[in-house]
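Engineer: Shown below is the structure under consideration.
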Amino acid sequence: MAWQLHYTSARRGPTGRAGFQFVAETPGLPDGVRAGVTPYLSYRPPPDAPLSPDEAELEEFPVSLLYDTVGGRPLLLRSRYLGRDYSGRYGNFFAHAVVAEPCELEGLRPAELWRAPLWTHGPAESPALDELDELTPGAALDPEALAAWLAASGSDSCGGTTPHTPRNSLNDPYVTLAGLVDAVASVLARGHGRVVLVARDVEVVARWIAVVSYSLPVAAAARLSFVTYTADPEGAAQRLVGTTPGVWAAVRHRTSHAFAVDLGEGTSSKASPGPSRFARTVAACWRGADFAGLDALAELARLDTATLDGAAVLLALCRGDATVTAEEERAAAGLVSRWDALPDWVWRELAPGVASMGLELALAVHRRAGAAPEHTAALAVAATRAALARPGAAGLPAVHAACPAEVRDALLDGVVAGLAENGHRDVDPAACDLLYARVERLHGFPDVAVAVLASVGRRRPASRVAVTGELLRLAEESDGVEGVGAALAGVWTEPPSALECVELLEAHPAETAGHPALAELPSRAFARQGETFADAMTLRLAARVRAVLPDGRAARDAEAVRAHADAVTAEQPRDAARALEELAGSGADPALADAAFDAAARVLCRRPPRFRAGLLAAASTPVRARLGGCWTAELPARARAGRAPLRGAEIGQRNDLVEVVLRLRTRGVTEPALETWARAAAGRWLAARQLDAHLSGEPRLREALKDLLAEARGR
């Protein structure tokens with residue numbers, strides 16, 4: 001089943017209050033769903049959209065369809081701009097959210113719900129919405145229709161205006177598709193980053209999202225979060241993000257890290273070495289409306305670049321494609337050797353071509369098809385020779401994968417001995433990964449062990465704690481082994497996470513305290529936290545540092561982290577002020593202390609005016625001034641500069657901060673910079689009226705406001 005929620009600005013909602021709120025929902029909504037949906041509820045029109053649109057113009061505003069997960073459940077959220085709200089102010093929008101159990105989307109690409117019949121265009125009259133027993137997709141984005149659209153498209157498919165423009169590498173939709181598939185696969189494989197689609201028409205963005213979704217395995221498509229339109233592509237949490245040219249022109253200089261495709265020209269923001277084999281195969285399948293080929297790729301592929309390409313090569317081999325290179329064939333051999341669940345049709349298609357295959361693939365297919373080769377010592381020697389034929393044993397993984405299980409240990413022993421004998425220190429990364437998985441085979445060859453461990457630790461962050469333990473053990477067991485210190489420094493070149501530091505301190509407390517390259521890791525972990533100083537793992541690290549490393553920079557940084565947490569979780573203003581004073585005087589690294597203070601100020605900025613005023617009153621003059629500066633900086637540009645008119649949330653932010661100033665005045669406390677800003681912000685006629693209404697029921701604050709306005713007029 002699936003639950004629905006409606007969200008908009010209403011004069012009087014179910015709770016009796018006015019403003020943006022949930023106005024209807026399915027009864028029995030699971031705990032946490034409403035709070036999980038809330039962060040996704042926003043809509044800002046494109047900068048070039050009409051400021052006061054009529055009904056016809058409202059229909060031209062882009063519709064935002066968002067797909068993500070909330071608490072492990074799929075979230076589909078459709079938002080459209082409504083223009084005015086109940087009070088006549090512009091900025092209102094309507095959001096229709098659907099939260100489903102994962103099984104409801106089984107076999108369904110979320111993009112198929114772009115024009116689904118379940119969506120409503122405005123809030124329901126009743127606050128109780130029906131459960132959805134089935135998520136029925138719309139008919140506009142089925143694969144056949146999309147293939148026809150791509151085939152009929154030139155530059156127009158990408159958001160252009162001239163359907164008869166001659167097709168070339170800039171406006172060929174299949175070239176665009178190949179680049180998009182590679183970019184999206186890379187983002188999904190990394191687990192972070194985003195791909196931005198820029199087009200005037202949101203329908204074009206939706207179609208491209210659907211095409212990319214159909215091009216990926218079902219499991220990968222389920223992980224492909226997306227939004228068809230946002231005015232904040234820089235801040236979007238989704239992997240595939242749609243926006244308009246006007247928005248992109250304003251923000252592209254701040255999002256240079258994102259891969260962006262201008263669908264109007266078929267151009268991307270970053271140079272590419274050319275599409276991968278997988279991307280080329282996907283584009284060819286769409287060009288030929290070969291849906292069976294797409295299904296076969298989805299059946300073979302898993303989401304990492306090597307496996308995707310290996311799946312495409314494997315499909316090409318099954319179809320007798322003569323363009324497969326020796327390097328691609330080796331990738332296919334690795335794929336065949338690693339996977340236990342390849343479909344039966346793969347073996348039937350590959351078996352006739354064994355005679356023309358390279359050794360690695362032929363052995364793999366022969367073994368997996370059930371006719372094992374002779375297991376002899378000669379095979380182990382030959383495999384070792386083949387593995388060492390390329391620098392750094394670059395051929396080891398493929399040869400190892402091709403070998404029968406009975407000779408693999410002998411192969412690894414021969415390779416390690418050969419590397420030690422030849423003095424190889426630059427071992428191939430893939431060979432290092434394989435040898436690390438059999439780390440006991442490295443005992444007795446410390447130089448090779450150091451090279452392998454250093455390579456694995458540098459490239460695989462998840463292994464760094466375990467690799468560090470192996471290096472420390474190696475240094476203890478092998479007196480005089482060289483390179484351990486440099487290897488440790490190289491493993492931890494990238495700052496560690498809080499979890500890594502905790503695991504390291506718990507597993508090797510004495511060694512961490514006694515080794516400079518390790519002792520500085522907690523401080524580096526704190527520095528990379530951004531605004532997450534108060535998360536549980538960071539606080540656990542701070543406590544562990546105080547226990548294991550009670551002196552030095554790491555301890556001071558841990559105290560700053562602890563003070564930040566005390567400040568943002570304080571229930572009383574005086575406690576928050578005391579924590580901020582400790583943070584400001586913690587003696588921690590200046591950059592860390594500043595970041596922690598600013599992050600705390602931003603969190604405290606969301607507290608009610610009464611709390612914030614009490615905090616400022618309890619703080620010292622320097623801390624009060626710094627807090628005031630941070631809070632002023634958090635205001636939107638117009639509110640910060642005291643300009644008018646303000647809209648929507650900007651008014652509320654200004655009113656709250658002016659209220660803080662007024663409450664301070666009633667306590668006999670002033671902060672000069674805040675006072676100056678407040679006089680400028682409240683001095684306009686409309687602002688004064690809005691503030692007076694905001695303070696209704698607060699006689700003392702209204703009197704203080706009058707004094708403030710009098711000072712503003714006198715100045």
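Engineer: With the structure loaded, tell me whether Phe22 is at pLDDT 95 or above, of a type outside the set (Val, Ile, Thr) and part of a loop (DSSP other than H, G, I, E, B) or whether it fails that test.
Structural biologist: For Phe22, the condition - at pLDDT 95 or above, of a type outside the set (Val, Ile, Thr) and part of a loop (DSSP other than H, G, I, E, B) - is not met.
Engineer: Enumerate the pairs (first residue in segment 43-63 and farther than 18 Å from Trp248 by Cβ; second residue anywhere and surrounded by fewer than 17 Cβ atoms within 10 Å (Cβ to Cβ) and of a type in the set (D, E, K, R)) with beta-carbon separation below 7 Å, excluding pairs fewer than 6 apart on the same chain, so at least 6 apart or on different chains.
Structural biologist: Hits for this filter: Pro50/Glu57.
Engineer: Further question: With the structure loaded, tell me whether Ala260 is within 17 Å of Val211 (Cα to Cα), surrounded by 21 or more Cβ atoms within 10 Å (Cβ to Cβ) and under 19 Å from the mean Cα position of the chain (by Cα) or whether it fails that test.
Structural biologist: yes
Engineer: Would you mind finding the one in Leu141, Leu118, Leu135, Leu146 that is at pLDDT 90 or above, among the hydrophobic types (A, V, I, L, M, F, W, C) and assigned to a helix (DSSP H, G or I)?
Structural biologist: Going through Leu141, Leu118, Leu135, Leu146 in turn, just one is at pLDDT 90 or above, among the hydrophobic types (A, V, I, L, M, F, W, C) and assigned to a helix (DSSP H, G or I): Leu146.
Engineer: Tell me yes or no: at least one residue of segment 86-107 is of a type in the set (A, V, I, L, M, F, W, C) and either under 30 Å from Ala178 (Cβ atoms) or assigned to a loop (DSSP other than H, G, I, E, B) (or both).
Structural biologist: Yes, the conditions are met somewhere in segment 86-107.
Engineer: For segment 152-160, does any single residue satisfy the condition of being at pLDDT below 90, among the hydroxyl-bearing types (Ser, Thr, Tyr) and in a loop (DSSP other than H, G, I, E, B)?
Structural biologist: The answer is yes; a qualifying residue exists.
Engineer: Within segment 92-109, how many residues are modelled with pLDDT of 95 or more and in contact with a helix residue (DSSP H, G or I) (Cβ under 9 Å, 6 or more places away or on another chain)?
Structural biologist: 4
Engineer: So is Ser620 buried (at least 20 other Cβ atoms within 10 Å of the Cβ), hydroxyl-bearing (Ser, Thr, Tyr) and farther than 30 Å from Arg44 by Cβ or not?
Structural biologist: no
Engineer: Which residues, counting only those in segment 176-194, are β-branched (Val, Ile, Thr) and either crowded, with 23+ Cβ neighbours inside 10 Å or within 29 Å of Glu60 (Cα to Cα) (or both)?
Structural biologist: Answer for segment 176-194, where residues must be β-branched (Val, Ile, Thr) and either crowded, with 23+ Cβ neighbours inside 10 Å or within 29 Å of Glu60 (Cα to Cα) (or both): Thr176, Val181, Val184.
Engineer: Tell me the residue from Val324, Val282 that is within 25 Å of Leu197 (Cβ to Cβ), in contact with a helix residue (DSSP H, G or I) (Cβ under 9 Å, 6 or more places away or on another chain) and β-branched (Val, Ile, Thr), please.
Structural biologist: Going through Val324, Val282 in turn, the sole match is Val282.
Engineer: A follow-up question, please. Determine which member of the set Leu314, Leu294, Leu240 is touching a residue at least 60 places away in the same chain (Cβ under 8 Å) and aliphatic (A, V, I, L, M). So that I can check it myself, show each step before the final result.
Structural biologist: Working: Leu314 fails: touching a residue at least 60 places away in the same chain (Cβ under 8 Å); Leu240 fails: touching a residue at least 60 places away in the same chain (Cβ under 8 Å).
The unique qualifying residue is Leu294.
Engineer: Can you tell me which residue within segment 397-425, out of those that are under 40 Å from the mean Cα position of the chain (by Cα) and farther than 15 Å from Leu442 by Cα, is surrounded by the fewest Cβ atoms within 10 Å (Cβ to Cβ)?
Structural biologist: The residue in question is Ala405.
Engineer: Please pick out the residue among Ala534, Ala567 that is among the small types (Gly, Ala, Ser) and modelled with pLDDT of 90 or more.
Structural biologist: Ala567
Engineer: Then there's this: Could you check segment 479-519 and list, in sequence order, the residues that are surrounded by 17 or more Cβ atoms within 10 Å (Cβ to Cβ) and either touching a residue at least 60 places away in the same chain (Cβ under 8 Å) or of a type outside the set (A, V, I, L, M, F, W, C) (or both)?
Structural biologist: Gly483, Pro496, Ser497, Glu500, Glu503, His508, Glu511, Thr512, His515, listed by residue number.
Engineer: Moving on. For segment 623-643, how many residues meet the condition of being crowded, with 18+ Cβ neighbours inside 10 Å, over 33 Å from the mean Cα position of the chain (by Cα) and either of a type outside the set (Lys, Arg) or over 27 Å from Glu581 (Cα atoms) (or both)?
Structural biologist: Adding up the residues that qualify gives 2.
Engineer: Also, I was wondering about something else. Scan segment 16-33 and give yes if some residue there is loosely packed, with under 14 Cβ neighbours inside 10 Å, more than 21 Å from Ala236 (Cβ to Cβ) and basic (Lys, Arg), otherwise no.
Structural biologist: Taking every residue of segment 16-33 in turn, at least one turns out to be loosely packed, with under 14 Cβ neighbours inside 10 Å, more than 21 Å from Ala236 (Cβ to Cβ) and basic (Lys, Arg).
Engineer: Out of Gly107, Gly88, I need the residue that is in the same structural domain as Arg11 (by TED's automatic domain parsing), exposed (fewer than 14 other Cβ atoms within 10 Å of the Cβ), farther than 28 Å from Glu55 by Cβ and of a type outside the set (Ser, Thr, Tyr). Which one? Walk me through it before giving the result.
Structural biologist: Details: Gly88 fails: farther than 28 Å from Glu55 by Cβ.
Within the list Gly107, Gly88, the selection yields Gly107.
Engineer: Could you name every one of the helices (runs of 4 or more DSSP H) located completely within segment 571-680 that has at least 2 residues being closer than 30 Å to Gly552 by Cβ and free of Cβ contacts under 8 Å to residues at least 40 places away in the same chain?
Structural biologist: 573-584, 590-604, 621-633
Engineer: Just the residues that are out of contact with any Phe, Trp or Tyr (no Cβ under 6 Å at 6 or more places or on another chain) and either under 18 Å from Val282 (Cα atoms) or surrounded by fewer than 24 Cβ atoms within 10 Å (Cβ to Cβ) (or both), please, taken from segment 195-209.
Structural biologist: Arg200, Asp201, Glu203, Val204, Arg207, Trp208
Engineer: Name the single residue that is farthest from Leu308 (Cα to Cα) among those in segment 210-220 being buried (at least 22 other Cβ atoms within 10 Å of the Cβ) and of a type in the set (A, V, I, L, M, F, W, C).
Structural biologist: Ranking the candidates gives Ala210 first.
Engineer: How about segment 550-564: which of its residues are closer than 11 Å to Ala519 by Cα and assigned to a helix (DSSP H, G or I)?
Structural biologist: Once the filter is applied, which keeps residues that are closer than 11 Å to Ala519 by Cα and assigned to a helix (DSSP H, G or I), segment 550-564 yields Arg553, Ala554, Ala555.
Matching residues to (1) out of contact with any Lys or Arg (no Cβ under 6 Å at 6 or more places or on another chain); (2) more than 22 Å from Glu265 (Cβ to Cβ); (3) without any contact (Cβ under 8 Å) to a residue 40 or more places away in the chain; (4) among the β-branched types (Val, Ile, Thr):
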| position | (1), (2), (3), (4) |
| --- | --- |
| Arg190 | yes, yes, yes, no |
| Arg194 | no, no, no, no |
| Leu197 | yes, no, no, no |
| Trp208 | yes, no, no, no |
| Ala221 | no, yes, no, no |
| Phe226 | yes, no, no, no |
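The values are calculated or read from the model by the stated rules, or taken from the named source; none is laboratory data. A quick note: this is a predicted structure, and the numbers were derived from the prediction, not measured. No Cβ is skipped: glycine too gets one built from the backbone with ideal geometry, and neighbour counts run over all protein chains shown.
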